[in-house]
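J.: Have a look at this one before I ask anything.
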Amino acid sequence: MKLIFTLCAFFCFVGLLSAQTEQGRLLIGGSSNLNFTSVNNKWKNDGGDGDLGSSTKFEFAPQVGYFVADRFAVGLQLPVSLQTEKDEDDDEFKTNSFAFMPFARYYFGDNNVKPYLHGGFGIGSLKLEDVSDSEETKLKTFVYGISGGVAIFLNDKIALDLGLGYQSTILRPSEDMDGDPRNISSGVAFNVGFSLYL
């Protein structure tokens, strides 16, 4: 009798775990690359010291997806970045960016720790503002990235996501210019976030 009860409980538990990423469910989440930074810069030498300014930066990426097949979700991610800098003369600069990134994510396994692969690309905008001089520059962005990680299911609806990914961003002026000037930044980041599975 104990064996039958144990086997029934095991199969129900396995059924719940695989149901977390089954076709027809929603994925709602948000991640951050742990980039909330507040920095004060100073200089020092034998003759004295001084303030070089400060900066604060926050990045966040909410997302919503739909499981089109078991373990395979597609959706939209909305990365947001906000940065404020002040130089030694107290001149203030703000940078805000926003993008629309369609994504695809595939989960492996049926247990409560599921490795995943995630990839996406999209377009957006970036605004640079010199608050002191009331000047503003707008840029177009193209973003793409790929990451891998693990979703640690805390229960059948909530998971902690830990990942490592590569992302590249290409910035271009909003208006066409001779020579097609662009700025390309890319790098690797560790991401942490929570996801809700409905």
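J.: If only one of LEU126, LEU139, LEU160, LEU82 is closer than 23 Å to GLU22 by Cβ and either of a type in the set (Ser, Thr, Tyr) or in contact with a strand residue (DSSP E or B) (Cβ under 8 Å, 6 or more places away or on another chain) (or both), which one is it?
T.: Values: LEU126 fails: closer than 23 Å to GLU22 by Cβ; LEU139 fails: closer than 23 Å to GLU22 by Cβ; LEU82 fails: closer than 23 Å to GLU22 by Cβ.
Result of the check over LEU126, LEU139, LEU160, LEU82: LEU160.
J.: Among (1) within 21 Å of PHE58 (Cα to Cα); (2) exposed (fewer than 13 other Cβ atoms within 10 Å of the Cβ); (3) touching a Leu at 6+ places or on another chain (Cβ under 7 Å), which single condition is THR95 missing?
T.: Tallying (1) within 21 Å of PHE58 (Cα to Cα); (2) exposed (fewer than 13 other Cβ atoms within 10 Å of the Cβ); (3) touching a Leu at 6+ places or on another chain (Cβ under 7 Å), THR95 fails exactly one: (2).
J.: Residues of segment 57-92 being touching a Leu at 6+ places or on another chain (Cβ under 8 Å), over 19 Å from ILE123 (Cβ atoms) and at pLDDT below 90, which ones?
T.: Selection gives LYS57, PHE58, ASP87, GLU88.
J.: Another one. Quick check: is even one residue across segment 137-147 under 17 Å from ILE28 (Cβ atoms), at pLDDT 85 or above and of a type in the set (Lys, Arg)? Outline the logic, then answer.
T.: Let us first name the residues in segment 137-147 that are under 17 Å from ILE28 (Cβ atoms), namely none.
There is no residue in segment 137-147 that is under 17 Å from ILE28 (Cβ atoms), at pLDDT 85 or above and of a type in the set (Lys, Arg).
The values are calculated or read from the model by the stated rules, or taken from the named source; none is laboratory data. Bear in mind that the values here come from a model prediction, so they are computed numbers and not experimental data. FYI the Cβ positions are ideal-geometry reconstructions off the backbone, even for glycines, and counts take in every protein chain you see.
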